[in-house]
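Quick notes on the structure that follows.
The values are calculated or read from the model by the stated rules, or taken from the named source; none is laboratory data. Fair warning: this is a prediction, and the values are worked out from it, not measured in the lab. Cβ sites come from the backbone with ideal geometry, for glycine too, and all protein chains shown count toward neighbours. Surface areas here come from the heavy atoms of the whole protein model, side chains and all, with no ligands, DNA or RNA. Shrake-Rupley method; radii C 1.70, N 1.55, O 1.52, S 1.80 Å.
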Amino acid sequence: MAGVRTPFARAGTVLKNLTAIELGKLCVAELVQRTNLEGRLVEAVVYGTVVPSVIAPNIAREVSLLPMLPKGCEAYTVGRACASANQAITDAADQIALGHHDVVIAGGAESLSNVPILHSRAMSEKLVRFSRAKGPAQQLRAVGSIRPRDLVPVTPAIAEPSTGETMGQSAEKMAKINHISREEQDQFALRSHRLASVGTEDGRLVAEMTPVYVPPRYDVVLTADNGVRTDTSIERLRSLKPVFDKQYGTVTAGNSSPLTDGASAVLLMSEERAKTLDYAPLAFIRSYAYAALDPGEQLLMAPVLAAPLALQRAGLTLAHMDLIEMHEAFAAQVLSNLAGFESRAWAERAGFAEPVGEVDRSRLNVMGGSIAIGHPFGATGARILTTLTNELVRRGGQFGLLTVCAAGGMGHAMVIERA
Ligand SMILES: CC(C)(COP(=O)(O)OP(=O)(O)OC[C@H]1O[C@@H](n2cnc3c(N)ncnc32)[C@H](O)[C@@H]1OP(=O)(O)O)[C@@H](O)C(=O)NCCC(=O)NCCS
């Protein structure tokens, strides 16, 4: 298992002219080169994205058509909201475990700078009427029926289709239910930026990235995440206004993950094929689990249900984990999830007698997380797995746990073991 990603960039900034497909291709091409892999050996590409292109919805296939990969490499796109890259990875691992494939690339990409803007239903109907019109008179009638309100674009919201609640509102709700203070959230956000700054400066994070030469002139090169704020402070974070509940809220732009562009990819191989090809594996996937709860409840709490299951399937406990990587959608969510790990009530909901336990903070997100690094929805899962694996190897640890919360009230957890 080995991974590469693009640097992550805040949406609307330096990567805004690249599509998710282009970002994914850059990343997968670099992965193949870095791992010195003969492209013809790749049998499948499994890729995730959350806001797909209307024109090319199977991003995996477009990415797999890279010149160094064989055209016979099958490819499919998966969607599990913010855990889409995780879904791609577990699908790839399952295919290998089933003996269907030996070499698979998995990951995901997102360009939140390129979210499709749609027409309203009424406007779409009028446009169709115009395109089918027989002659200028009918065309004029179709154009004449367009009203200013028809021109209002429909943009996808980061909201639950079932409840209408946005992610940010969910984070606010979780902060209130779990008594997470504004100060605790800001301190956690500061920690994320500080640790990501260290990981960037000492080169550990940068080593996981492929530099991106930015089209059309290719005179700008992005070599590190541009959302990491080396200069942020607790005073600055405290001064930011709440976004999702302006009157009583605690969730701000500072303690939320930002909208981000980027891509990631990991290489997975069967143990036998790795041996035959003389590759030294970095880590093994020991177990994984998915869980879900009612999205109208605490939307981002399902990692608390998935983690004990993944640990049980691995035959291990939290105490065995040398490192823990938890996706940081919001500081309020991370702190709620950590409280959930310690709660007997949540353990019972997950079907366990004992809680997962208290996470040793010195083992958690040791190079920061999505609040500082950014969160291109479809790409985050493979970023987290790559960092967890590399850091586990660097520290000589044995086991690592990762968790990701996702829209729809879903959660993912995976346990890996250093090879
Ligand atoms: C929270 C959110 C609405 C903020 O969007 P935004 O207003 O465009 O954010 P910005 O980056 O412009 O930040 C707003 C301000 O806060 C400041 N700020 C943000 N983070 C900061 C930090 N760590 N330190 C200091 N200042 C910070 C910015 O500099 C900016 O200040 P300015 O207005 O003076 O320029 C957006 O990031 C969001 O929707 N995030 C959640 C995404 C989500 O739901 N993800 C799903 C999770 S699974």
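Across all Cα pairs in the stretch 310-419, the calculated P(r) in 5 Å bins from zero up to the longest distance comes to 2, 11, 23, 26, 20, 12, 4, 0 percent per bin. Within the assembled protein chains, the solvent-accessible surface assigned to LEU316 is about 20 Å², based on a 1.4 Å probe. Each part reduced to its alpha carbon centroid, the stretch 316-338 and the stretch 382-405 end up 12 Å apart.
On average over all directions, what projected area in square nanometres does the stretch 327-376 have, based on the convex hull of its Cα atoms? List each step's numbers first, then the result.
Working: hull surface 15.8 nm².
Convex hull of Cα atoms, orientation-averaged projection: 4.0 nm².
Solvent-accessible surface of the chain, averaged per residue with a 1.4 angstrom probe and all protein chains in place: 43 square angstrom. The orientation-averaged projected area of the convex hull spanned by the Cα atoms of the stretch 7-158 comes to 12.3 nm². Counted over the chain, the DSSP beta bridges are approximately 65% antiparallel. Maximal additional length on extending the ASP278-SER162 stretch stands at 36.8 nm, based on 0.36 nm per residue less the C-alpha distance.
With the contact rule set at Cα under 8 Å and sequence spacing of 6 or more, what percent relative contact order holds for the chain? Don't skip to the answer; put the middle values down first.
Numbers: 957 pairs, mean separation 106.6, N = 419.
Worked out over the chain, it gives 25 percent.
Taking label positions 7 Å along the Cα-Cβ direction at both ASN17 and HIS179, the computed distance is 5.3 nm, reported to one decimal.
ARG34 exposes around 100 Å² of accessible area when a 1.4 Å probe is run over every protein chain in place. Normalised Debye scattering of the stretch 233-374 at q = 0.15, 0.17, 0.19, 0.21 Å⁻¹ gives log10 I(q)/I(0) of -0.94, -1.12, -1.26, -1.37, counting only Cα atoms as equal scatterers and leaving out solvent. Treating r as the C-beta distance of ARG313 and GLN139 and R0 as 45 Å, the FRET efficiency rounds to 0.15.
Tell me, what are the semi-axes, in whole angstrom and largest first, of the equivalent ellipsoid of the stretch 124-271 as set by the roots of 5 times the Cα gyration tensor eigenvalues?
42, 27, 16
With N set to the number of residues, divide the alpha-carbon radius of gyration of the stretch 55-113 by 2.2 N^0.38 Å and report two decimals. Walk me through the numbers on the way to the answer.
Working: Rg = 12.0 Å, N = 59, 2.2 N^0.38 = 10.4 Å.
Here the answer is 1.16, to two decimals.
Annotation for the stretch 294-315 versus the stretch 216-284: alpha-carbon center distance of 22 Å. Extension gain, ASP294 to ASP219, is 22.2 nm, computed as 0.36 nm per intervening residue step minus the present C-alpha separation.
Other residues with beta-carbon under 14 Å from the beta-carbon of LEU309 carry, at +1 per Lys or Arg and -1 per Asp or Glu, a net charge of +1. Checking the cross-link pairs LYS16/LYS246; LYS126/LYS173; LYS71/LYS275 against a 32 Å limit on the alpha carbon distance flags LYS126/LYS173 as lying beyond it. Dipole orientation for the stretch 55-189: of the candidates CYS73, ALA189, ALA175, CYS73 has the Cα lying most toward the positive pole (charges on Cβ; Lys, Arg +1; Asp, Glu -1).
Working with all protein chains in place, sort ASP294, ASP94 by solvent-accessible area computed with a 1.4 Å probe, largest first. Please list the in-between numbers first.
Working: ASP294 95, ASP94 55 Å².
Per-residue accessible area, sorted high to low, gives ASP294, ASP94.
The accessible-area ordering, largest first, of the residues GLU235, GLU30, GLU22 stands as GLU235, GLU22, GLU30, per a 1.4 angstrom probe. Computed across the chain, the Kirkwood radius stands at 22.1 Å (inverse of mean 1/r, all Cα pairs).
Using the Cβ-Cβ distance between ARG121 and ALA56 with R0 set to 25 Å, the FRET efficiency from 1/(1 + (r/R0)^6) comes to roughly 0.60. Note on the stretch 273-346: with neighbouring protein chains present and a 1.4 Å probe, carbon and sulfur make up 53 percent of its accessible heavy-atom surface.
Ligands, DNA and RNA left out, the 1.4 Å accessible surface of the stretch 10-124 is 54% carbon and sulfur atoms.
Of the residues VAL251, THR317, GLN138, the one whose Cα sits farthest toward the positive end of the charge dipole of the chain, with +1 on the Cβ of Lys and Arg and -1 on the Cβ of Asp and Glu, is GLN138.
Note that the stretch 46-60 has calculated 3J(HN,Hα) couplings of 10, 9, x, 8, 9, 10, x, 6, 5, 7, 10, x, 8, 4, 4 Hz, one per residue in order, obtained from phi through the Karplus relation 6.51 cos²θ - 1.76 cosθ + 1.60 (θ = phi - 60°); glycine and proline are x.
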